[in-house]
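Beneath this line is the structure, given in structure tokens, with notes to follow.
The values are calculated or read from the model by the stated rules, or taken from the named source; none is laboratory data. These numbers were taken from a predicted model, which means no experiment stands behind them. We place every Cβ from the backbone using ideal geometry, glycine too, and count neighbours over all the protein chains shown. Areas reflect the complete protein model, heavy atoms only, side chains present, ligands, DNA and RNA absent. Shrake-Rupley method; radii C 1.70, N 1.55, O 1.52, S 1.80 Å.
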Amino acid sequence: MTHDHDLVLRPTEAQISAALNPPPGRNGGDLVVETLAALGATTVFGLPGQHALGMFDALRRSDLRYIGLRVENNAGFAADAYGRITGEAAPLLLSTGPGALTSLAALQEAAAASAPVLAISSQIPTAGLGGGRHGYLHELPDQSASFRGVVKSVHTVRAQSQIPSAIEAAWKSALTAPHGPVWVEIPQDVLLAETSIPVVTGGDAFPEELPPRPELTAVAADLLSNAARPAIIAGGGVVRSDASGKLRQLAEVLQAPVVTTPGGKGAFPWTHPLSLQSWIEDRHTTDFLEDADVLLVVGSGLGELSSNYHTFKPRGRVIQVEADLGKLESNHPALGVHADARLALQALLETVTPRPDEEAPERVREVLARVAERIAAQELTLEQDVLASVRRALPAGSPSFWDMTILAYWAWSAFDAKGPNLLHSAQGAGGLGYGFPAALGAAVADPTRPVLAVSGDGGALYSIAELATARQYDLNVTWLIVDDGGYGILREYMTDAFGQATATELSRPDYVALAESFGVPGVRTTPETLADDLSKALGSPGPSVVVLPAVLRMFAPTHL
């Protein structure tokens, strides 16, 4: 009796001949790039360094496209965005010690946002491993220990024969729900040594699926079908699993209002009669969700931003569908369904009973009206006009990448993303400097549409060096810098808390002149001319910078 798993694909005569006669002049670095190509990678990001030169030399002999950034952390942000846009594992090639460690903040963002990044780092020579202090350049006692608390999985290589299997295992880990960054490290001598190992031509690139348990689906479907006031919170897991269509179908079958988290922007149509949009940082929305007798939370851990700063206290039954086991019931007791959002929503669609509810759209309109009244009472016309200008200028199918800046905090609540996987920010880990390098990665992923980056002047200075990258590769990114002369949100937080701000004011350059010194066209705009200037920049091929001098304010919090 033959089982499927006993079947082995037999190599062809051509494959046998190629394996027995590998081309000369290959090294361990060739095994890295050959494995990546065999798994389906087409593009790699990174920055060369002494111990990693074997990998970078091998790129010369491969068909992989290399995009080099100026700072490892920015290369990590670019890979993060490439992974979010394509759904593929984005290879990130790094050197040892300082080069590796400089990527940590970007990998933390990728982990928090479940972005599939495949980081491959060099290591000091094998003779120096083991924790002794040998004095090698870039030496760390245990480099991988610096990454274990950040990435999904760590894969160490000590011999060339381990390279294809280690990279394949890391690739699968990165793309298994929940997606995330993974870490592979290979010693310098292993990368540099000549190899007689055959050219890598195949690999199993398919990660395992994560379906819901059927008994849990049955209970969840029964609760939702018999609910009097069901509601849905849609998080980033819906976007990552490409499940927005199934979410809409389920919401309509159940007549359940839907609110999206900052990470779930665009998962549900903004103007749909059941759309509570993404005003989740609002007491009116929080009250509405607390009143639901059955609340379906899909692809969200209900963390700080998604729970109105942990003030959300649901009174009804909570059903939480979450691929990340660590997030399941971590903040609220629930019927916890450990599953990929797309597979869980499909299972619910096949199991629920439709429930008519003609009053649901009216309840949604009432909540949105109360939110609008609250914002209108705060005299925030400038902020709303600026956000509206950005929306008018940005083509409907273009992605945008937002740094940690006041305008981004507005966008989390008030910006219509026009679809899933189009609005991304650093709200996962909350580090500065994400917007522009991430937008560059997105432009590499899809050069057919313009990409918008939005930063404050504080965040812009983290990634200003990447203007050189944008120009070198002629990437189609427009960078909007809102210049308020400091760390605007921290200025506001400190003034509210202590009566005055400290360490928030910045001496800053002339950003237009600085952009032009890189060969990137720049323009200084005003709130009145922003829509036209931004539209013109987005409509011109290649990189551009638009600088808006303006001091923006946040809407009043409701969680205090």
message: Testing Glu139 on (1) among the acidic types (Asp, Glu); (2) open to solvent by less than 30 Å² (accessible area, probe 1.4 Å); (3) over 22 Å from Gly326 (Cβ atoms), one condition comes back false. Which one is that?
response: (2)
- prompt: What number of residues in the stretch 395-405 are open to solvent by 10 Å² or more (accessible area, probe 1.4 Å) and either in contact (Cβ under 8 Å) with a residue 40 or more places away in the chain or assigned to a helix (DSSP H, G or I) (or both)?
  reply: 4
- prompt: Which ranges mark the helices (runs of 4 or more DSSP H) fully within the stretch 426-502 that have 3 or more residues being closer than 17 Å to Thr405 by Cα?
  reply: 435-445, 457-460, 488-498
- request: Just one of (1) modelled with pLDDT under 95; (2) crowded, with 16+ Cβ neighbours inside 10 Å trips up Thr261, so point out which.
  value: (1)
message: Here are the criteria: (1) buried (at least 21 other Cβ atoms within 10 Å of the Cβ); (2) closer than 15 Å to Ala438 by Cα; (3) not hydrophobic (A, V, I, L, M, F, W, C). Tell me which single one Gly87 does not satisfy.
response: (1)
message: Among the residues of the stretch 194-212, are any touching a helix residue (DSSP H, G or I) at 6+ places or on another chain (Cβ under 9 Å), at pLDDT 95 or above and assigned to a helix (DSSP H, G or I)?
response: no
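Per-residue answers, yes or no, for (1) open to solvent by less than 30 Å² (accessible area, probe 1.4 Å); (2) among the β-branched types (Val, Ile, Thr); (3) in a helix (DSSP H, G or I); (4) under 18 Å from Ser400 (Cβ atoms):
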| position | (1), (2), (3), (4) |
| --- | --- |
| Val512 | yes, yes, yes, no |
| Ala531 | yes, no, yes, yes |
| Ser535 | no, no, yes, yes |
| Val546 | yes, yes, no, yes |
| Arg553 | no, no, no, no |
| His559 | no, no, no, no |
message: Which residue is nearest to the chain's Cα centre (by Cα), if the candidates are limited to the stretch 237-258 and must be open to solvent by less than 10 Å² (accessible area, probe 1.4 Å) and within 28 Å of Phe555 (Cβ to Cβ)?
response: Val238
message: Quick check on this structure: which one of Ala177, Ala170, Ala218, Ala193 is open to solvent by less than 40 Å² (accessible area, probe 1.4 Å), out of contact with any Phe, Trp or Tyr (no Cβ under 8 Å at 6 or more places or on another chain) and at negative phi?
response: Ala177
field: Total residues in the stretch 44-63, condition surrounded by fewer than 19 Cβ atoms within 10 Å (Cβ to Cβ) and outside any helix (DSSP H, G or I)
entry: 5
